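Taking it in order: structure first as structure tokens, then the write-up.
The values are calculated or read from the model by the stated rules, or taken from the named source; none is laboratory data. Worth saying up front: this structure is predicted, and the values here are computed from it rather than measured. A quick note on method: Cβ atoms are made from the backbone with ideal geometry, for glycine too, and the neighbour counts reach across all protein chains shown. SASA here: full protein model, heavy atoms, side chains in, ligands and nucleic acids out. Shrake-Rupley method; radii C 1.70, N 1.55, O 1.52, S 1.80 Å.
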Amino acid sequence: MYEKILVPLDGSDLAEGALPYALEVAAASRSEVILTTISESSNELSPLYQAYIDRMIARTRDEMVKRSSPGQRISGKAMTGKPADEILRLAEEEQVSLIVLANRGTGRGPWALGHIASKVLQASRIPVMLVKRGKAGRDREHSLVKRILLPLDTSVAGAAATPYAAELARLLHASLVLLHVEPKPLPWLFAPGVEFAYLPPVSPDQQAKQLTTHMGYVDKMAQSLRGKGLVVSCEASAGSPASEILSYAAANEIDLIALSTHGHSGIARFVYGSVTEKVLEVADLPVLVVRPAMA
């Protein structure tokens, strides 16, 4: 599932903060790691850019040896073009299975990663792990990812991240927390192209029944994952999904959130759902974003 991992870099320590997460997954899965840096001007592309990638390849190989994973394939490429487009093109060309990138760089390197991450997230058809802050200083003998939060809303699209989160949990020996947030009923629903639609009020009894039904789905999912040898727990709450996800992650030592996008094709090629968008904006920990196959 994670055969090839692409890590875009911009020459800054902030951007390189994503590398430890990529290497942790790579060491556990024996994945190939591809490093890239991109210049937006062909006039600026010089041996310095390739020299930077060569240094990062050497550094990455040394790190993999320290992680008891020598002989792993590490490659790199300096490119020119529009960064987001080049990242996506390279990912498709190399049949990459995971993109790991920082949410921002310094802007002083070959390209400013902060202006690129959202474009990659919007357009990528493969999973993207967005790292909000690096933890390179943590002892490498201890996993960066020990607890993974997987929010579920009982929809097919909402479960798209499940196999990817489960594989990470298996590879990294992490525990998996399934969280269902029951949204509080709203009297009005606004939607694109629709002025408003009235939603009948839901009584407390009806909401309790809905929660019971939905948690039955979550429990069934947990049992299936436990059958694969994973350590899984289930949690439920009510309120704004994004706020509840963020609150739970902050209060329970979550190391990574795995979300599907609930997006749709459109002018921007792909628009991720509002819950995922808010979590990406606010969360101070890595977020794995998976686009449903139907989107």
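Residue-by-condition table, conditions (1) open to solvent by 50 Å² or more (accessible area, probe 1.4 Å); (2) at pLDDT below 55; (3) over 20 Å from the mean Cα position of the chain (by Cα):
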| residue | (1), (2), (3) |
| --- | --- |
| Thr106 | yes, yes, yes |
| His115 | yes, no, no |
| Pro127 | no, no, no |
| Val131 | no, no, no |
| Asp139 | yes, yes, yes |
| Leu144 | no, no, no |
| Ala165 | no, no, no |
| Ser175 | no, no, no |
| Leu186 | yes, yes, yes |
### Message
What pairs come out if I take residues in the stretch 149-160 that are closer than 16 Å to Leu246 by Cβ and pair them with residues that are acidic (Asp, Glu) and open to solvent by 20 Å² or more (accessible area, probe 1.4 Å) whose C-beta lies under 9 Å away, six or more apart or interchain?
### Response
Leu149/Glu235; Pro151/Glu244
### Task
Return the pairs, sorted by first residue and then second, in which the second residue is small (Gly, Ala, Ser), the first residue lies in the stretch 67-92 and is loosely packed, with under 14 Cβ neighbours inside 10 Å, the beta carbons are less than 9 Å apart, and the residues are 6+ apart or on different chains.
Ser68/Ala27; Arg73/Ser31; Arg89/Gly81
### Query
Among the residues of the stretch 252-274 satisfying the criterion of being outside any loop (DSSP other than H, G, I, E, B) and more than 14 Å from the chain's Cα centre (by Cα), which is modelled with the highest pLDDT?
Ser274
### Query
For the stretch 33-52, does any single residue satisfy the condition of being under 17 Å from the mean Cα position of the chain (by Cα) and of a type outside the set (Val, Ile, Thr)?
no
### Task
May I ask you to verify whether Arg291 is farther than 18 Å from His180 by Cα and either touching a Cys at 6+ places or on another chain (Cβ under 6 Å) or modelled with pLDDT of 70 or more (or both)?
yes
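Would you point out the residue of the stretch 221-247, among those that are of a type outside the set (Gly, Ala, Ser) and over 14 Å from Ser175 (Cβ atoms), that is surrounded by the most Cβ atoms within 10 Å (Cβ to Cβ)?
Here is the first cut: in the stretch 221-247, the residues of a type outside the set (Gly, Ala, Ser) are 221, 223, 225-226, 228, 230-232, 234-235, 241, 244-246.
With the extra rule that they be over 14 Å from Ser175 (Cβ atoms), the set shrinks to 221, 223, 241, 244-246.
On the way: Met221: 20, Gln223: 11, Pro241: 22, Glu244: 21, Ile245: 25, Leu246: 21.
Residue satisfying both the conditions and the ranking: Ile245.
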### Summary
Given (1) surrounded by fewer than 17 Cβ atoms within 10 Å (Cβ to Cβ); (2) in contact with a Lys or Arg (Cβ under 8 Å, 6 or more places away or on another chain), Met1 misses just (2)
### Task
Just name the residue that is surrounded by the fewest Cβ atoms within 10 Å (Cβ to Cβ) out of those in the stretch 146-160 that are under 15 Å from Arg291 (Cα atoms) and hydrophobic (A, V, I, L, M, F, W, C).
Val156
### Task
Of the numbered conditions (1) crowded, with 20+ Cβ neighbours inside 10 Å; (2) modelled with pLDDT under 95, Tyr52 fails exactly one; give the number of that condition.
(1)
